[in-house]
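Every read-out reported here was derived from the displayed coordinates using simple, explicitly stated rules and does not represent laboratory data. Because the structure is a prediction, the values reported are computed rather than measured. With ideal geometry, Cβ positions are generated from the backbone for all residues, glycine too; neighbour counts draw on all protein chains shown.
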Amino acid sequence: MIDALIDITLLAFLAITAIAIMRTRNLFAVIMLFGIFSFLTAGLFVVMDAADVAFTEAAVGAGISTVLMLGTLAITKEHNEQLPAHRPWLPLLVVSVTGAALVYGTLDIPAFGDPQAPSHLHVAPRYIEQSLSETGVPNMVTAVLASYRGFDTLGEVTVIFTAGIGVLLIIGGQVQRKRRKGNKK
Amino acid sequence: MKHNLILRVVTKLLIPVIVLFALYVQFHGDYGPGGGFQAGVIFSVTFILYALIYGLDTAQRVMPMGVLRALASLGVLIYAGTGVAALLKGGNYLDYGVLAASPVAGQHLGILVIELGVGITVSSVMLLIFFTFAGRGRA
Amino acid sequence: MIDYLLNHYNYWIVIFLMMVGFYTVISRGNLIKKIAGLSIFQVSVFLLYISIGNVTGGTVPIVTEGATVYSNPLPHVLILTAIVVGVATTALGLALIVRINEAYGSIEEADIHDQDKSL
């Protein structure tokens, strides 16, 4: 009961923060609100029994993402977003249609937390019952991540490595002289 | 930031604690929440904190960019190398059961080694990206 | 009726967050805001998966004494990978923004289009 209450409250705060991110025009405030959004998500993950995911979201989302966005803001020195030029009717229409289609898709989804939902019945019981005896590691998430699904983690490490190389290639070199004269604001 | 005495002293006291916590999360990822990714990010935060308080030049003297590039490649090499070691010992690629005396011990050893590789790569890449962004802003 | 609402509240709020992120990407012109909207979209997808993996009365998927029901560990593994890949793409997107700013002098989409059209 108390779980459900915390869940509902945190999700409501998340929705309010997301709307605030959309409407705020000061970019520094947007980045700070994004940090708050990440922390609320990490809290929500803890309530939903996902400890590893909460840890990673708090460290990576509220830590690294926020720091990198602040670094970009410091480099571009842009303080406020400009007002949008046209009325947002077309984006609102697209978003409403997509949202309605997604809600229609969730109408017959199993109830939140149902132990008999199909996602818990086919492959998961095998991992839950046998991961300790097969790998000797009590943390099931680490066992699946590192041993049963080890190839995926190899791909993930390669993706991070590639992102590092990409950032080095894009902004690791010397700053070019401006090629267009007289176009600075 | 260089003239703030409280910040500098507290940073000097905190950095060893954060490094210890990162190592704890790395090696206890088997018994509790944690693992390579979280530990790598926490470890890189120590150097980011150091760079914020003591300046980017000092931080780049402590941890040069060349060392970071080598460490990032080393982590991926450790991970892929464990798979090749399993191949050389007669099993499939990334089949940890053949790495030690018994399959369960081999699995445990394999998981430990690849999480180490993941932690090294993640920490060096996060630090690399931060140093690149900070260095660009200074130019 | 109220039961149905409580059971599906998680999913509908997640869809609402997805749509807020999507709207921010397609209707705002500032590039940093677009990246923030994209991140909101990604995080809401993670929430959807973890909501599907939750089991009422279950506990963290770490083998402990006295626990019988565990939450499903497979969505956790998937989302762990997805979070780290998400931060990698965000870092690359922000690096591109820095280069765009150096080439055009602005990070507003309208300014960039005007400069391109006036060539």
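Taking other C-beta atoms within 10 Å as the exposure proxy, B:Met126, A:Met1 rank A:Met1, B:Met126 from fewest upward.
Put simply, the C-alpha atoms of the protein assembly as shown give a gyration tensor, and the ellipsoid matching it has half-axes of 36, 31, 19 Å, longest first. Which listed residue (A:Val53, A:Ala124, A:Gly172) has the Cα farthest towards the positive end of the charge dipole for chain A, taking +1 on Lys and Arg C-beta and -1 on Asp and Glu C-beta about the Cα centre? So the residue we want is A:Gly172. Per-residue Karplus couplings for the stretch A:94-106, computed as 6.51 cos²θ - 1.76 cosθ + 1.60 with θ equal to phi - 60°, are listed in order as 4, 5, 5, 5, 5, x, 5, 5, 5, 5, 4, x, 8 Hz, Gly and Pro entered as x.
With the convex hull constructed from alpha-carbon coordinates only, the stretch B:65-109 shows a mean projected area of 3.2 nm² over all directions. Net charge in the neighbourhood of C:Gly29 (other residues with Cβ under 12 Å of its Cβ; Lys, Arg +1, Asp, Glu -1) is -2. Under conditions of 10 °C and 1.306 mPa s, chain B yields 96 µm² s⁻¹ as its translational diffusion coefficient, taking Rh as the Kirkwood radius over Cα pairs in the Stokes-Einstein equation. Between 0 and 90 degrees, the angle of helix C:2-27 with respect to the longest Cα principal axis of chain C falls at about 20 degrees.
Arranged from fewest to most other beta-carbon atoms within 10 Å of their beta carbon, A:Met32, A:Met69, C:Met18 become A:Met32, C:Met18, A:Met69. Round to the nearest 0.05 the FRET efficiency obtained for B:Ile6 and B:Arg138 when R0 = 30 Å and r is the Cβ-Cβ distance. Given R0 = 30 Å and the Cβ-Cβ separation, E is 0.75. When C:Arg28, C:Arg99 are arranged by Cβ crowding within 10 Å, least crowded first, meaning fewest neighbours, the order is C:Arg99, C:Arg28. Note on the stretch A:1-80: percent of Cα-Cα distances in each 10 Å bin, starting at 0 and stopping at the bin with the largest distance, equals 19, 43, 28, 9, 1. Principal axis extents of the Cα atoms in chain A, from largest to smallest and rounded to whole angstrom, are 68, 41, 29.
Please find the FRET efficiency linking A:Leu121 to A:Ile36, where r is the Cβ-Cβ separation and R0 is fixed at 25 Å, and quote it to the nearest 0.05. According to the calculation, E is roughly 0.10. Here the Gaussian network model covers chain A, with springs between Cα atoms less than 10 Å apart; of A:Val157, A:Val103, A:Val137, A:Val103 fluctuates the most. Say we join alpha carbon atoms closer than 10 Å with springs in a Gaussian network model of chain A; which of A:Ile109, A:Ile64, A:Ile36 then has the biggest fluctuation? Greatest mean-square fluctuation among the candidates belongs to A:Ile109. Helices in the protein assembly as shown, meaning DSSP H runs of at least 4 residues, each add -39500 (n - 2.57). Divided by all residues, the mean residue ellipticity at 222 nm is -24000 deg cm²/dmol.
Placing unit charges on the Cβ atoms of the charged side chains and taking the dipole of the stretch B:5-138 about its Cα centre, the candidate lying farthest along the positive direction among B:Phe43, B:Ala134, B:Pro16 is B:Ala134. Each Lys and Arg contributes +1 and each Asp and Glu -1, all at the Cβ; summed about the Cα centre of the stretch A:1-80, the dipole is approximately 520 debye. Dipole orientation for the protein assembly as shown: of the candidates A:Leu10, C:Val25, B:Tyr93, C:Val25 has the Cα lying most toward the positive pole (charges on Cβ; Lys, Arg +1; Asp, Glu -1).
Springs between Cα atoms under 10 Å define the GNM used for chain A, and in it the highest mean-square fluctuation of A:Tyr127, A:Tyr148, A:Tyr104 occurs at A:Tyr104.
Note on the protein assembly as shown: with charges restricted to the Cβ of Lys and Arg (+1) and Asp and Glu (-1), its dipole about the Cα centre is near 2520 debye. Annotation: amide H of C:Tyr70 within the under-5 Å range of C:Thr59, sequence separation 5 or more or interchain, hydrogens built in the peptide plane. Can you tell me what the convex hull of the Cα atoms of the stretch C:2-117 projects to on average, as an area in nm²? If I average the Cα hull's projected area over directions, I get 9.6 nm².
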